[in-house]
Each structure stands twice: as structure tokens, then as C-alpha cells.
């Protein structure tokens, strides 16, 4: 087993999640590459040193350039604000490092395009950190679709809804300013990645964004609280997508419903260890959705637990993500979702923005 030095840029919420995942992944999946928590970077040397002690890294730094250029760091994980993604990624590829980058890929389309160019010209592994599409249930749903288990798809609906800013009395925070920090740039990119993974490219869409709470204690909200859109996939299937950070009562509403000529599939991340499957078979009186509890027979579940129905959690999805990254490096080939998949989600964001302004249908650019 070969060791690989991990450099983590960002020690907050996602920096902690990725650090825990790389610390655990070699044991859970017995990967060919053994992660070594080599260096962590934060906005100051003092903060970085605190994260080093908490997460178990060998060294720390307050300058991401030191981390990227360190010879003991083999792979860089970017968990910093999206405004820094492009500069870090370009420098990491130039230094010969593999890169996993948190979503959204960049703070703009120009950033995302530049990052894809740098990634693909480097010949190194690149991965966008979309974790929800990796749940065993959603991986199984993708398998069912590839096998035509519910026939020809006739309709698709999906949402990513949460309520962390549903209370108008909650104080203004950094998420309340800047397009990249609104629902469209934050939650919705997970939704778009999931839709593209399940249904393929979107051809065109018409969309609208909305700010429900335009002012909060401490400041003005200048980005969107929610977005909804109708779309046509390149396959011809009609779809509806909705994302909100003010959906009262929804905590992790990453959910979808897929109708086909022979059945249907339903999933909700708030019950992430269950997939609902309907098959148009047998007597009408006996038909209905069947709840399938994930277990060792489903993708990536067995490594965590041998018992069906015991379940996986959010952090386990980050471990699966780390496993995919390490295996991609070992094999020398990027795995879904790559930087190009991150760009594809950004292209949907771009089309939504244009449609909201023009009040018209917009084509989604396919790179």
C-alpha cells in the first residue's frame, strides 16, 4: 500500500468533514493508497495550527501556496471559499498535484472554464465534491435507470430544500450577499449535479429566482432565497427543479421523483437509506411503491456495515467521495464527478440567471 500526502485547504465545516473522511477511508474501504494527513491550511497560522491539532495533520500553514508547493503533499483538497478555488486549483495542477475541489467549482463561469482547462491539460486527477449523488440509494437508482427498470422516462422532478434561513429574524450572515452564496450558487448546484447524473444533459429551461427575506437584522440580502425552473432534457424528458434555503420544515430535502412507462422511483435524502420503487406489474389491487432499505447488495454500502437497513450517514458519503478520489489517483483516471461535471452544473446556473433576467426560455451551453 502506497502512502499519499493529503493537503487540506480550509479547516471549517467541510475541511473537518474531508479530514475525517481521509482519516477513515483507508480502514473502511482498504484502499490501495493510504492517505497521510500531511498539511492543513487556514486563513491564519494560528487557526491552521488549531485545526492541525484537532484533525491530526503533521503540519500546518497560514499560506495555501506553501501547502500547494510542498513536496510531501501529493493531493490537494480545496475546502476554501469559492472565490479562491481557481487560483488554488491552477497552482496545484502546475505543481503536479491531484485536486479535489468543493462545489461550486468556481465563483463564476470564467473560473470554472479556466479550472477545467488547467485540470484536463495537466493529466492529473480532478474531482468536484458533489457528495449526495454518491449515496448507495442514489447509486442504485442510477443503476436501475441504466437497466431500463422503469421503462422509458416520461417525467422528472427534483428539489434541494432546507430551512436554515427560513426565519426572517435570523441575523444577516455571509450567505446573504454575493450571487455565488445564494441558493442558486450554493444548494442548487447539488440539485443540478444530481439531475444531470440521473437524467443526462439539460437542453433548455425557463427559471425564476426570488428573495423572500430582503432584509435581516444587520444587513440587506442581495442574493436569492429560492429558485424554480422547468426544463427539457436532451432526451426529450420534461423536468421541474426547485431549490430553497427558506423551505420551512425541510432539513435536507435533496429529493427526486422519476416516472417511466413501466414504473417510478422516489428518493428523499432525509431518509437516505431508502429508495421507493414502483413497478407496473401484477394485479392492480396489489400495486404500490415498495420501500427498499439499502444494504450490502447496494453500491458502496458493504464496506460500512454488513447489516441491511442499518444505514449510512452524511459523513459516510464524504468517505465514499474520498475513496473515489484515491482510486482515481491509483488508476490514473478521473472519476465522476470531474471538474467538467462541475462546469456542467455551473452552465445550468448560468442559464437560470439569464432566464430570470430575460423571462424567456434559455438554452444550456454544452461544453
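Of everything in the range 150-201, what is within 13 Å of residue 346 (Cα to Cα) and surrounded by fewer than 15 Cβ atoms within 10 Å (Cβ to Cβ)? Give them in sequence order.
201
Could you tell me which numbered condition residue 106 fails, if it satisfies all but one of (1) without any contact (Cβ under 8 Å) to a residue 60 or more places away in the chain; (2) over 21 Å from residue 316 (Cα atoms); (3) touching a helix residue (DSSP H, G or I) at 6+ places or on another chain (Cβ under 6 Å)?
Only one criterion is unmet by residue 106, namely (1).
Go through the range 161-189 and give me each residue that's touching a residue at least 60 places away in the same chain (Cβ under 8 Å) and in contact with a strand residue (DSSP E or B) (Cβ under 7 Å, 6 or more places away or on another chain).
Once the filter is applied, which keeps residues that are touching a residue at least 60 places away in the same chain (Cβ under 8 Å) and in contact with a strand residue (DSSP E or B) (Cβ under 7 Å, 6 or more places away or on another chain), the range 161-189 yields 161, 162, 183, 184, 188.
Checking the condition more than 17 Å from residue 253 (Cα to Cα) and modelled with pLDDT under 95, which residue from 178, 151 passes?
One residue alone meets the criteria, 178.
One residue is enough: does the range 344-356 have a residue meeting the conditions more than 27 Å from residue 234 (Cβ to Cβ), surrounded by 15 or more Cβ atoms within 10 Å (Cβ to Cβ) and over 17 Å from the mean Cα position of the chain (by Cα)?
No, the range 344-356 contains no residue that is more than 27 Å from residue 234 (Cβ to Cβ), surrounded by 15 or more Cβ atoms within 10 Å (Cβ to Cβ) and over 17 Å from the mean Cα position of the chain (by Cα).
For residues that are part of a strand (DSSP E or B) and in contact (Cβ under 8 Å) with a residue 60 or more places away in the chain, scanning just the range 208-225, find the one that is surrounded by the most Cβ atoms within 10 Å (Cβ to Cβ).
209
Yes or no: the range 106-118 includes at least one residue that is at pLDDT below 95 and either surrounded by 24 or more Cβ atoms within 10 Å (Cβ to Cβ) or under 28 Å from residue 299 (Cβ atoms) (or both).
yes
Just name the residue that is nearest to residue 127 (Cα to Cα) out of those in the range 319-351 that are outside any helix (DSSP H, G or I) and touching a strand residue (DSSP E or B) at 6+ places or on another chain (Cβ under 7 Å).
338
Among 346, 297, which is free of Cβ contacts under 8 Å to residues at least 40 places away in the same chain and over 24 Å from residue 250 (Cα atoms)?
Answer to the selection: 297.
Of the residues 249, 282, which is in a loop (DSSP other than H, G, I, E, B), more than 23 Å from the chain's Cα centre (by Cα), surrounded by fewer than 18 Cβ atoms within 10 Å (Cβ to Cβ) and in the same structural domain as residue 153 (by TED's automatic domain parsing)?
When all the criteria are applied, what remains is 282.
Any idea which of 291, 302, 354 is over 18 Å from residue 142 (Cβ atoms), assigned by TED's automatic domain parsing to the domain that holds residue 142 and not in a helix (DSSP H, G or I)?
Selected residue: 291, the only one of 291, 302, 354 that is over 18 Å from residue 142 (Cβ atoms), assigned by TED's automatic domain parsing to the domain that holds residue 142 and not in a helix (DSSP H, G or I).
Select from the range 51-81 the residues that are surrounded by 21 or more Cβ atoms within 10 Å (Cβ to Cβ) and part of a helix (DSSP H, G or I) and list them in ascending order.
51, 52, 64, 67, 68
Determine which member of the set 67, 37 is touching a residue at least 60 places away in the same chain (Cβ under 8 Å), out of contact with any helix residue (DSSP H, G or I) (no Cβ under 6 Å at 6 or more places or on another chain), within 22 Å of residue 321 (Cβ to Cβ) and in the same structural domain as residue 86 (by TED's automatic domain parsing).
67
Of the conditions (1) under 25 Å from residue 144 (Cβ atoms); (2) within 18 Å of the chain's Cα centre (by Cα); (3) buried (at least 20 other Cβ atoms within 10 Å of the Cβ), residue 231 satisfies every one except a single condition; which number is it?
All conditions pass for residue 231, except number (2).
For the range 190-207, what are the residues that are part of a helix (DSSP H, G or I), touching a residue at least 60 places away in the same chain (Cβ under 8 Å) and touching a strand residue (DSSP E or B) at 6+ places or on another chain (Cβ under 9 Å)?
Listed by number, the residues that qualify are 190, 191, 192, 193, 194, 195, 196, 198.
The values are calculated or read from the model by the stated rules, or taken from the named source; none is laboratory data. Keep in mind that this is a model prediction, so the values were computed, not measured. We place every Cβ from the backbone using ideal geometry, glycine too, and count neighbours over all the protein chains shown.
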